[in-house]
Amino acid sequence: MEIKRQQPLVEAYHFDQRKKEETDLQTGINIGLTPLKAPDESYPKENSIIGTRLRFEIVFSQFIIRGAMGQINHIVNQNIQSQDDLTREEIDELMAPLFDILQRLTYEVTEIITDKPGVNLDFERKE
């Protein structure tokens with residue numbers, strides 16, 4: 001799959017100290033893929049535009065990381081009408097830059113906050 005990516009957008013990234021009363025929080029990561037309309041008639045009919053979005057709340061014992069980010073992707077020579085038109089591997093490839101940004105931000109922020117090596121997030125799919 002040939003992808004031409006636009007610049008990712010970090011909409012929000014929050015590092016919050018965990019409060020004692022926050023006992024029932026759970027880590028949640030949600031991904032979304034949305035086919036988008038072509039900007040005009042000149043856009044190649046054989047290509048597709050896919051918006052990717054990553055929303056996350058990652059709970060640690062001392063802190064919580066929350067936020068959202070997205071990216072617009074142009075898929076060359078592949079007509080995609082819904083997420084069902086993509087394989088699992090293609091979805092992983094589309095989402096990879098957003099997970100990379102989340103990993104990098106988390107490592108850097110936790111390294112600064114704790115004055116220790118940062119937290120490494122592992123998003124490798126376990127089968």
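The values are calculated or read from the model by the stated rules, or taken from the named source; none is laboratory data. Keep in mind the model is a prediction, meaning the values are calculated, not measured. With ideal geometry, Cβ positions are generated from the backbone for all residues, glycine too; neighbour counts draw on all protein chains shown. Heavy atoms of the whole protein, side chains included, go into the accessibility calculation; ligands, DNA and RNA do not. Shrake-Rupley method; radii C 1.70, N 1.55, O 1.52, S 1.80 Å.
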The stretch 52-114 - accessible surface per residue (Å², probe 1.4 Å): 49 Å²
Candidate cut points under trypsin sites (Lys or Arg not before Pro) in the stretch 93-127, DSSP loop plus at most 10 other Cβ atoms within 10 Å of their own Cβ, are 125, 126
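List the chymotrypsin sites (Phe, Trp or Tyr not before Pro) within the stretch 16-89 that fall in a DSSP loop (any state other than H, G, I, E or B) and whose Cβ has at most 15 other Cβ atoms within 10 Å. Walk me through the numbers on the way to the answer.
Details: sites: 56, 60, 63; in loops: 60.
Taking the stretch 16-89 and a limit of 15 other Cβ atoms within 10 Å, the loop chymotrypsin sites (Phe, Trp or Tyr not before Pro) found are 60.
Taking 2.2 N^0.38 Å as the expected size of a compact globular protein, what ratio does the Cα radius of gyration of the chain give against it, to two decimals? Write out the running numbers ahead of the final one.
On the way: Rg = 17.2 Å, N = 127, 2.2 N^0.38 = 13.9 Å.
Cα-based Rg divided by the globular estimate yields 1.24.
Given the chain, what count of lysine pairs have C-alpha atoms under 27 Å apart, with each pair 8 or more places apart or on different chains? If you can, show how the numbers build up before the last one.
On the way: 4/37; 4/45; 19/116; 20/116; 37/45.
Total qualifying Lys-Lys pairs in the chain comes to 5.
Any chance you could list the semi-axes, whole Å, largest first, of the equivalent ellipsoid that the Cα gyration tensor gives for the stretch 1-49, using √(5λ)?
Details: eigenvalues 305, 29, 19 Å².
Whole-Å semi-axes of the equivalent ellipsoid: 39, 12, 10.
Contact order normalised by length for the stretch 3-98, with contacts defined as Cα pairs under 8 Å and 6 or more residues apart; what percent is it? Please list the in-between numbers first.
Numbers: 180 pairs, mean separation 35.5, N = 96.
Relative contact order of the stretch 3-98: 37 percent.
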Cα axis of helix 88-114 to longest principal axis of the chain: angle in degrees, 0 to 90, nearest 10? 30 degrees
Quick one: with all protein chains in place, what share of the accessible area of the chain is carbon or sulfur, to the nearest percent (1.4 Å probe)? 48 percent
Roughly how many debye, to the nearest 20, is the charge dipole of the chain about its Cα centre, given +1 on each Lys and Arg Cβ, -1 on each Asp and Glu Cβ, and no other charges? 300 debye
Which semi-axes, in whole Å and largest first, does the equivalent ellipsoid of the stretch 77-117 have when worked out from the alpha carbon gyration tensor as the square roots of 5 times its eigenvalues? 34, 7, 7
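Rule-of-thumb check for the stretch 12-84: C-alpha Rg over 2.2 N^0.38 Å?
Working: Rg = 17.9 Å, N = 73, 2.2 N^0.38 = 11.2 Å.
So the stretch 12-84 has a normalised radius of gyration of 1.59.
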With a cut-off of 15 Å, note down the residues of the stretch 98-127 whose backbone N falls inside the zone around a label point 7 Å from the Cα of residue 22 toward its beta carbon. 110
